Amino acid sequence: MKISPKIDSLLANLPTRPGCYIMKDATNRVIYVGKAVNLRNRVRSYFHGINQLNSRTQRLVAKIADIEWIVVDSELEALILEMNLIKRYRPHYNIRLKDDKRYPYIKVHWADDFPKVSVTRQMTQDGSRYYGPYTSVWAVHQTLDLLRRIFPYLTCDRTITGKDERACLYYDIKLCSAPCIGAIDKKSYRQMIDDLGQFLQGRSEPIVSRLQTEMVEAADHLQFERAAAIRDQIKAIETVVEHQKVVSSDYIDSDVIAMARSDGEACVQIFFIRAGKLIGREYFILEGTEETPDASVLAEFIKQFYDQAATIPEQVLLPHEVEEAQIIQQWLKRKKPEQKVEISVPRSGSQKELVALAAENAAQTLAVLKAQWESDSHRQEEALAELQAAMDFSQPINRIECYDISNIQGTAAIGSMVVFEHGIARKSLYRRFNIRTVKGPDDFASIEEVLTRRFSRWQAAQDEAQNLQKKPDAAFAVLPDLLIVDGGKGQLSRAVLVLERFGLSERIQLAGLAKQNEELFLPEREQSLILPRHSQALYLVQRIRDEAHRFAISGHRNLRTKQGLASRLDAVSGIGPKRRKQLLSKFGTIEAIQKASVEELMNVPGITKKLAEQIKQQLD
């Protein structure tokens, strides 16, 4: 890869100190933020030996037009700065918590004399106490409905004097303790709200013990109505606690973290263990995890989750080691100086079983989330109807095809075709195209070649159907109602030419989808179409585009692996096209050939012991 004079100059002047680096594209948009103990060594590594990088990182490097850096005094400061920069810029090539700005918290307004309890999406330094984050607003409100029956907290905006003549209806139905009329004093009310917070953290035993003492005292003083109210409160707490599974006799507060991955998506599951009981669990989806090792994904999750978590436990249990564990542990201790914080990987016993259970739950959650779209036919119909209306199409949209191109500097270029019918991905109809006629990184010409070949296959399928020669390929035999090309006006104009060439302009609706602002470009329309931000139509289009992108990237990666393997085998004297093909057919990947013994290689026809030894030496 040729490095521009500007980047070359920046690389030459990088400092050797710890800090963060900020990579920008040609539009000055931040596309990646990283940290380093030695900025010079780390940043230069992106540009030296680029062929050793995964394809996602290669795409990043290809887009870098400028690099800035910030020097700090330590690796810990670099970690903290990196997290703040990622949160600020949300760069495309960084791993990110999906929708992290929208996670809700339970907020206890502790600075007030009579604290209320509410739901918020942002923690502020206002003296309040926070619990969360949670992933579901619905679940938070369900929790608060339950808590309010046990700890009847204040919800109105009255100024509390204790001298109001009458309370509201909530007092009558036992959903408010009515400090407004003096039914509970300030000290007792604040004790109740403190109990609510302790209960949220799984510490129910001290609450129950104190309430039992208060119940007995109330009965001794003939305050039978108060004693009965406390008895009901104890029963309500015990009913909830019964459903909290005791998982450990070790009473160290722990978070158990595990992860599942599928098709470029990552789901992290957390079990919250407090006082030996499993008091809750949450799952989080991560974006930008494609081709990133599990350990790196986990490390990024831990940093981003605990940066916004209201509570940090004494112990974080992981399924395997993460490279940054020590520095992350230092950062967590700084956030929680009054307690020790330990990151560990259990090797046996109940803790290891808990990690395995969390991993199983993560896999199940990911499977449910992926199936959710397919099972929700109403949402699919709504999305298609919204899309039809927004694009002003007269006919319903049933079949959508989307095309994307993936390459690095024009090498190993792959075009992808994904098909959605009635809003559901039909993976059996997906197809890939190795770009044959285009030299260099020309996405416009590549999309023209792919579409030309696609509709040539359609024409051939029509002929095959008429002549009854053979069953036509179902992927090409049916025309789409809507064809989407991943890109802007340039890609769209080439798609228009192809449809005109095949006489299909009147039969297929066409759109180009630009990534930056999620704009849809339509032929013969000057203004782009921007779908409503939270519309089902936008979610559908984004999902289709992301699927085309994923499918193109995976094909590109496979092709590059095969090309790299073939070129390395070609360097071995005595390996020609025939023997290379036989080796590829038997072993498939370079890793498999590297691991094969000399004897296993000799099982391939024409491979002698001497030649097998040469192959091993060359690949090693």
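Can you tell which of Val137, Val208 is among the hydrophobic types (A, V, I, L, M, F, W, C) and out of contact with any strand residue (DSSP E or B) (no Cβ under 8 Å at 6 or more places or on another chain)?
Working: Val137 fails: out of contact with any strand residue (DSSP E or B) (no Cβ under 8 Å at 6 or more places or on another chain).
The unique qualifying residue is Val208.
When you go through Ala465, Ala474, Ala461, Ala511 one by one, which is the residue that is of a type in the set (Gly, Ala, Ser) and modelled with pLDDT of 90 or more?
On the way: Ala465 fails: modelled with pLDDT of 90 or more; Ala474 fails: modelled with pLDDT of 90 or more; Ala461 fails: modelled with pLDDT of 90 or more.
Unique residue meeting the criteria: Ala511.
With Tyr93, Tyr46, Tyr103 as the choices, which residue is modelled with pLDDT under 95, within 24 Å of Ala552 (Cα to Cα) and out of contact with any strand residue (DSSP E or B) (no Cβ under 6 Å at 6 or more places or on another chain)?
On the way: Tyr93 fails: out of contact with any strand residue (DSSP E or B) (no Cβ under 6 Å at 6 or more places or on another chain); Tyr103 fails: within 24 Å of Ala552 (Cα to Cα).
Unique residue meeting the criteria: Tyr46.
Conditions: (1) touching a residue at least 40 places away in the same chain (Cβ under 8 Å); (2) under 17 Å from Gly132 (Cβ atoms); (3) surrounded by fewer than 16 Cβ atoms within 10 Å (Cβ to Cβ). Lys335 meets all but one. Number of the miss?
(1)
Just to be sure I understand the filter: pairs with C-beta atoms under 8 Å, separated by 6 or more residues or on different chains, first member in the stretch 207-220 and assigned by TED's automatic domain parsing to the domain that holds Lys235, second member among the aliphatic types (A, V, I, L, M) and outside any helix (DSSP H, G or I). Which pairs pass?
Pairs found: none.
Do any helices (runs of 4 or more DSSP H) entirely within the stretch 159-248 hold 2 or more residues that are modelled with pLDDT under 85 and either surrounded by 16 or more Cβ atoms within 10 Å (Cβ to Cβ) or in contact with an Asp or Glu (Cβ under 8 Å, 6 or more places away or on another chain) (or both), and if so, which?
On the way: elements: 169-172, 186-200, 205-220, 224-242.
So the answer is 186-200, 205-220, 224-242.
Restricting the stretch 49-59 to residues that are over 20 Å from His549 (Cβ atoms) and either under 27 Å from the mean Cα position of the chain (by Cα) or surrounded by 20 or more Cβ atoms within 10 Å (Cβ to Cβ) (or both), which is modelled with the highest pLDDT?
Looking only at the stretch 49-59, we keep the residues that are over 20 Å from His549 (Cβ atoms), and these are 49-52.
With either under 27 Å from the mean Cα position of the chain (by Cα) or surrounded by 20 or more Cβ atoms within 10 Å (Cβ to Cβ) (or both) added as a condition, the list becomes 50-52.
Values: Ile50: 70, Asn51: 71, Gln52: 74.
The extreme case among them is Gln52.
In this structure, is Glu321 at pLDDT 90 or above, within 24 Å of Ile80 (Cα to Cα) and part of a loop (DSSP other than H, G, I, E, B)? First the steps, then the outcome.
On the way: at pLDDT 90 or above: yes; within 24 Å of Ile80 (Cα to Cα): yes; part of a loop (DSSP other than H, G, I, E, B): yes.
The answer is yes for Glu321.
What is the residue count in the stretch 60-71 for residues that are in contact (Cβ under 8 Å) with a residue 40 or more places away in the chain and buried (at least 18 other Cβ atoms within 10 Å of the Cβ)?
Total meeting the criteria: 4.
Going by the conditions given, is Ile7 closer than 30 Å to Phe199 by Cα and either part of a helix (DSSP H, G or I) or within 26 Å of the chain's Cα centre (by Cα) (or both)?
Working: closer than 30 Å to Phe199 by Cα: no; either part of a helix (DSSP H, G or I) or within 26 Å of the chain's Cα centre (by Cα) (or both): yes.
No, not satisfied.
The values are calculated or read from the model by the stated rules, or taken from the named source; none is laboratory data. Treat the numbers as computed from the prediction; the structure is a model and nothing was measured. Using ideal geometry, Cβ is built from the backbone for each residue, glycine included, and neighbour counts are taken over all protein chains shown.
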